[in-house]
Structure formats: C-alpha cells, structure tokens
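What follows is a set of notes on a single structure, which appears directly below.
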Amino acid sequence: MSEKQYSLSQLGWKAFFNQQLSLEELEQSNPYRITQVFRNRLQIWGESGELDVSLAQFPNLQTSTIGDWLLMPNEPSFAPRLLEPLSCFQRKSPGSNTNQLIASNVDTAFIVSSFNHDFNLSRIERYLALTKEAQVDAVLVLTKADLVDQEVQQTYLDQLHDLQSQLVVLCINANQSEDCKQLEGWCGVGQTCVLLGSSGVGKTTITNSLCTTSEKTATIREDDSKGRHTTTGRSLFFTQAGGLLLDCPGMRELQLTDCEEGVKAVFDDIQQLATKCKFADCEHQSEPQCAVQKAIQSGELEQRRLINFQKMLREQARNSMTIAQSHQKDREFGQLIKSSLDAKRNMRNS
Ligand SMILES: Nc1nc2c(ncn2[C@@H]2O[C@H](COP(=O)(O)OP(=O)(O)O)[C@@H](O)[C@H]2O)c(=O)[nH]1
Ligand SMILES: [Mg+2]
Ligand SMILES: [Zn+2]
C-alpha cells in the first residue's frame, strides 16, 4: 500500500473521458483507473488513493481491463460505471471463442524484439496490426544489441526498412539503464505505455530500469488458492519520467480478431499496389496484369509480406466470425432458457 497521491492527469485522465460524465456523475462519483487486475479483484487508483474492487460484487466489471477508467459512486453499494476507452488492445483468447482484452487507454506501444532468433518480421507485423487497430503509436525496441555486432544489427535493420516507413526503431542493451532511458521520451506525465513482445526479450528488464521500485503502484504478487505466491503480471507501474508503464507477459499465441483495418494499415503498400491490378477482386495469385505480383517479381515487394498479409486478413476474419457466431449461440441459448422460464411462470400464474 502506498501513501502517494496522484492527480487524475498524472493517472492518464484525458478530456475524452470528461465528455462521458453527466453532471450528476460529476457530483456523486469519482474516476478511478484500473492499475492491477487479479483473478477476483481489481486494484484501482484515483485522486484519493487506491481502492480494491471485488469482481464478484460488481460483475459488470468483468468486461474491464487494465488501464480502463471507472466511475466509483460515493454511495458504495451503487455499481461502478466503466467508461468507454480511448484505445483498447484485444486478441482472441487462446482456447476459447472470446475476445481477450489486453489493455485499455494506451498512448504508446513498445513492440519489443531481440536481436536473435526471436527477431521475426511477420510477428512484428502482427503486433503492428494490433497497435494500428487500437490507434496507438508504436515504437519498435530491439534488445540485446550487446550480443550482436554492428554488421549483424544492420542486416536486421535493413529488413525492417520496408515494414513501415515512419516506424521508430530503438536498438538497446536493456541491461544498461542509459539505453533504456531512450524510451523515456514516450513515458512522460499522463502517458501510458505498454511493452508487447515474446517472453525473454527483455520487457521486465526494461520495466525495472524505467520504474523505481518505490514508485510501483503495488507489489505484483498475490496468494493463489493453494497459498503459493503467483505473479499476475498485470500491473501498471509509474515510470521515473512520471508516466505509466504496463509490462505485458509474453503472449505465446497472438491470434488477431476484429483487426481488418489494422492489418490493412500495416500493409498499406500492398493495398496501394492492388488498386493497379487489372481485376478489382484480384487475389494476387496468377491473375493477369497483377500489380502486386509484378512488384514481387521486380523485387519491390517481398513475397513474405504478401503471404503474411493474406494470412493475417484470413485469420482475423475467421476469428471474428467464430466469436460472433459463438456470441449468437449464447444469445439464442439465453433466449431459449428465458422463454422456457416465462412459459413455466405463465403456467404457474394461470
Ligand atoms: N545481454 C542482454 N541480456 C538481456 C537484454 N535484455 C534482457 N536480457 C536478459 O534476458 C533475460 C530475459 O529478460 P526479461 O526482462 O525477463 O524478459 P521478458 O520475458 O521479456 O520480461 C534476462 O536474463 C535478461 O537479463 C539485453 O539487452 N542484453
Ligand atoms: Mg517478463
Ligand atoms: Zn493483383
């Protein structure tokens, strides 16, 4: 428990949220930000400090995620209201037909990859699609620069060249605090950043460097049901530069859902080329006068990029449809239960 108090703007409050408040809500409730997510409860921060909220007491908060803003009514028995986020990252939950929220109200995403076998252009494109869809700025952070020589680094950087022309790329040794300081420009007061990337690339090392232990909003451990300590890994920490940072645990499986705009934005070059194909519905396979295939043959476009583009488009369409169908089935099942309960009630009352 920390004694420290933060203003709403230090916690990342923006004018966009003010617009969502009624006069009554302004008088009778206070905004709080979700800074830690546990299995059964949330830790939230507001101007008067931190609070714990039970998810069992307020099931409407099950659809919230770290970084979201809540309105907590002064009357404690009233339910909190979840405010609409400015941005939200989501993926398809591994092993279930639902969307899983990763984080809300993020300003900058650091896509972290290391200069070794983890470096994978197609995976970076996947993270870029996610950030584009969420309309969040992306900064690519390449760690373990100390383990490869300049020449090797350059070959990696050359590969990145075609990915996105305005992409900011930082090369760091995450074990050097001076190197990590390069990220601080994005982590100023009122800013919220997230670290995305596979396990082992250096996200926690960066977090520890940018955040002082005393500034951490809380410890990241809680007892699990068996009395062991488990790390939830879902905490927003204050950086020394005054902003908030979320260290997302490595996502072994990052399946895209509802991400068509994001994918298309990352592959804008292919979209542009496609406008010059002879057929409007060209699939860029073996159609005549295909501008995309022509660009591949001339070396202007990498074949891998076309393959990844089409794969990611198909994947997000398939996942979005599966999730929508599964919601529809749930709704139909709910209606079936409701109508059978109604029928029973009518029988009893007749
Ligand atoms: N040499 C070197 N080791 C690093 C660097 N970044 C991270 N590591 C090491 O890689 C391991 C995994 O780092 P960690 O921060 O836990 O990765 P995370 O899983 O992304 O949170 C640790 O042993 C770090 O010390 C780096 O830039 N250079
Ligand atoms: Mg980690
Ligand atoms: Zn084509």
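Please determine, by comparing only the residues of the range 287-309 that are more than 12 Å from ligand 3 (Cβ to nearest atom) and among the charged types (D, E, K, R), which one is farthest from T275 (Cα to Cα).
Among them, the one singled out is R304.
Could you tell me whether any residue of the range 131-152 is touching a residue at least 40 places away in the same chain (Cβ under 8 Å), polar (S, T, N, Q) and farther than 23 Å from R314 by Cα?
The answer is yes; a qualifying residue exists.
Scan the range 20-62 for residues that are in contact with a Lys or Arg (Cβ under 8 Å, 6 or more places away or on another chain) and among the β-branched types (V, I, T) and jot them down.
Selection gives V37, I44, V53.
Among the residues of the range 144-169, what is the count of those that are within 18 Å of T131 (Cα to Cα) and among the hydroxyl-bearing types (S, T, Y)?
1
Quickly run through the range 28-44 and pick out the residues that are within 21 Å of L86 (Cβ to Cβ) and over 20 Å from the mean Cα position of the chain (by Cα).
Of everything in the range 28-44, those that are within 21 Å of L86 (Cβ to Cβ) and over 20 Å from the mean Cα position of the chain (by Cα) turn out to be S29, N30, P31.
Please name all residue pairs, on different chains or six or more residues apart, with Cβ atoms under 9 Å, provided the first residue is in the range 63-75 and is touching a residue at least 40 places away in the same chain (Cβ under 8 Å) and buried (at least 23 other Cβ atoms within 10 Å of the Cβ) and the second residue is aromatic (F, W, Y) and in a helix (DSSP H, G or I).
Hits for this filter: W69/F17.
Can you name every residue in the range 294-328 that is over 27 Å from the mean Cα position of the chain (by Cα) and assigned to a helix (DSSP H, G or I)?
Hits for the range 294-328 are K294, A295, I296, Q297, Q303.
Kindly indicate whether G200 is more than 16 Å from ligand 2 (Cβ to nearest atom) and either over 20 Å from the mean Cα position of the chain (by Cα) or not hydrophobic (A, V, I, L, M, F, W, C) (or both). Explain how you work it out, then say what you get.
Working: more than 16 Å from ligand 2 (Cβ to nearest atom): no; either over 20 Å from the mean Cα position of the chain (by Cα) or not hydrophobic (A, V, I, L, M, F, W, C) (or both): yes.
So G200 fails the test.
I'd like to check which strands (runs of 3 or more DSSP E) are fully inside the range 154-246 and have at least 3 residues that are more than 18 Å from A109 (Cα to Cα) and either at pLDDT below 95 or not aromatic (F, W, Y) (or both).
Because the criterion is at least 3 residues that are more than 18 Å from A109 (Cα to Cα) and either at pLDDT below 95 or not aromatic (F, W, Y) (or both), the strands (runs of 3 or more DSSP E) in the range 154-246 that meet it are 221-223, 229-231.
May I ask you to list pairs of residues, at least six apart or on different chains, whose Cβ atoms are under 7 Å apart, with the first in the range 190-208 being within 17 Å of L170 (Cα to Cα) and among the charged types (D, E, K, R) and the second being within 16 Å of ligand 3 (Cβ to nearest atom) and assigned to a helix (DSSP H, G or I)?
No pair meets every condition.
Inside the range 85-115, can you point out the residues that are of a type outside the set (A, V, I, L, M) and part of a strand (DSSP E or B)?
Of everything in the range 85-115, those that are of a type outside the set (A, V, I, L, M) and part of a strand (DSSP E or B) turn out to be C88, F89, Q90, R91, K92, N99, Q100, S104, T108, F110, S113, S114.
Determine which single condition Q176 fails, assuming it passes every other condition in (1) more than 25 Å from A241 (Cβ to Cβ); (2) surrounded by fewer than 20 Cβ atoms within 10 Å (Cβ to Cβ).
Against the list (1) more than 25 Å from A241 (Cβ to Cβ); (2) surrounded by fewer than 20 Cβ atoms within 10 Å (Cβ to Cβ), Q176 comes up short only on (1).
Of everything in the range 262-293 that's part of a helix (DSSP H, G or I) and exposed (fewer than 13 other Cβ atoms within 10 Å of the Cβ), which residue is farthest from ligand 1 (Cβ to nearest atom)?
Among them, the one singled out is Q272.
With the requirement that a residue be assigned to a strand (DSSP E or B) and within 11 Å of S87 (Cα to Cα), what does the range 125-151 give you? Reasoning before the result, please.
Of the residues in the range 125-151, the ones assigned to a strand (DSSP E or B) are 137-143.
Answer for the range 125-151, where residues must be assigned to a strand (DSSP E or B) and within 11 Å of S87 (Cα to Cα): just D137.
The values are calculated or read from the model by the stated rules, or taken from the named source; none is laboratory data. Keep in mind that what you see is a predicted model, and the values were worked out from it rather than measured. Because the Cβ atoms are built from the backbone with ideal geometry, glycine has one as well, and the counts that use them run over all protein chains shown.
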